[in-house]
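Derivation of every value follows stated rules applied to the coordinates shown; laboratory data play no part. Remember, it's a predicted structure, so these values are computed and weren't measured experimentally. Quick reminder, even Gly has a Cβ in these numbers, built from the backbone with ideal geometry, and neighbours come from all protein chains shown.
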Amino acid sequence: MTHDNHQPREKLCTLAEAIERFVPDGASVAMGLQLESMIPFAAGHEIIRQRKRDLTLVGPISDILFDQLIGAGCARKIVAAWVGNVMMGSAYNFRRALEEGIPHPVEMVDHTNFTVALALHAAALGVPFLPTYTAIGSDLFARNEGLVEFEAPYTRETMTAVRAIAPDVAILQAQRADTEGNAHVWGNLGAAPDAARAARSVIVVAEEIVSSKVIASDPNRTVIPGFLVSAVVEAPFGAHPSPVQGYYNRDNNYYREYHRGTKTRQDFEAWLDHWVLGVGDRQGYLDLLGAERADSLKVRKHAYAARTDFGH
């Protein structure tokens, strides 16, 4: 996959700068690639504040981030396995858009978690599709032109061809990164490694920026190499309310509050004004969240990996 060749000399930038530069209107954006953890909410909220439009959102289980982007009018197409509130059920903006065209209609391309992952993996490998046995006999083929049944060579079995997905940009959350974008990620990786290699541009949103020596001390944990990265941003609590392994836990109350507070269009607009449009940036969001609540989510029981000796 060809990545953005017009990268700034200094990749470290603000979230606002990264979104302005690498997420133009009409772009396809892969987000929420690590399932229920490490969802880049800070980046999604900045997309909303910059009023990006006509985006194609790509991801497996996006949780409530896609719902927020849909409700804010940023999305025209969803390529996903599921959109909702994992903890509470329905995503009301998603349903309003599909069922009532509010705030405007969106196109839904149905995938499974596995076929989304395969589509990104195909693009990461630079091939047009990958074969699989999955989804055969399902009705997904009627709702996704990127899934086609075919007769396999050699065995003549019926298989599914999953067309590659190469997003314009992948926005990936990481625990830590250096200023060149080399990023350490651990815990649930999901489809993040493949998305980094499939996308034309990559934005890494890291909990902290560390020295290159820290990254080099554990090269096997560098899931996202810097040569793939277009911009790197330091944003503590950038994935809240989703969890980041080793940094903070899932804010379950936030998901309950979002469920209660977005049932009607008027309710959602009030929520959006309060949590996103009413704050200038992520720091304003964290000020609104409150230090006490943020502190209550921090890891209380650490579980460190064993020491690793890279000597020779």
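Under the simplified labelling scheme, the Glu100-Arg143 pair shows an inter-label distance of 2.1 nm, with each label point 7 Å from Cα along Cα→Cβ. Among the lysines of the chain, pairs that are 8 or more positions apart or on different chains and have alpha carbons within less than 26 Å of each other number 6. Simple point charges give the picture: +1 on the Cβ of Lys and Arg, -1 on the Cβ of Asp and Glu, and for the chain a dipole about the Cα centre of about 280 debye. For the pair Ala270 and Gln283, label points projected 7 Å from Cα toward Cβ lie 3.0 nm apart. DSSP beta bridges fully contained in the chain are about 35 percent antiparallel. The packing ranking of peptides 69-79, 270-280, 294-304, 195-205, highest mean first, is 195-205, 69-79, 270-280, 294-304, where packing means the average number of other beta carbon atoms within 10 angstrom of each residue. Along the axis of the charge dipole computed for the chain (Cβ charges of +1 for Lys and Arg, -1 for Asp and Glu, origin at the Cα centre), the listed residues Ala97, Leu286, Leu272 are led at the positive end by Leu286.
Could you grab the relative contact order for the chain? Cα pairs under 8 Å, six or more apart, rounded to a whole percent. Can you show the working numbers first?
Details: 667 pairs, mean separation 62.4, N = 312.
That works out to 20 percent.
Between Glu292 and Arg53, the FRET efficiency from the beta-carbon distance, with R0 = 51 Å, is close to 0.90. Here the spin labels are modelled as points 7 Å beyond Cα on the Cα-Cβ line, and at Thr179 and Met108 they lie 4.7 nm apart.
Judged by the mean number of other Cβ atoms found within 10 Å, the most tightly packed of the peptides 228-240, 15-27 leads the ranking 228-240, 15-27.
For Cα Rg over 2.2 N^0.38 Å, the candidate list reads [x] 1.46; [y] 0.99; [z] 1.12; the entry that matches the value derived from this model is [y].
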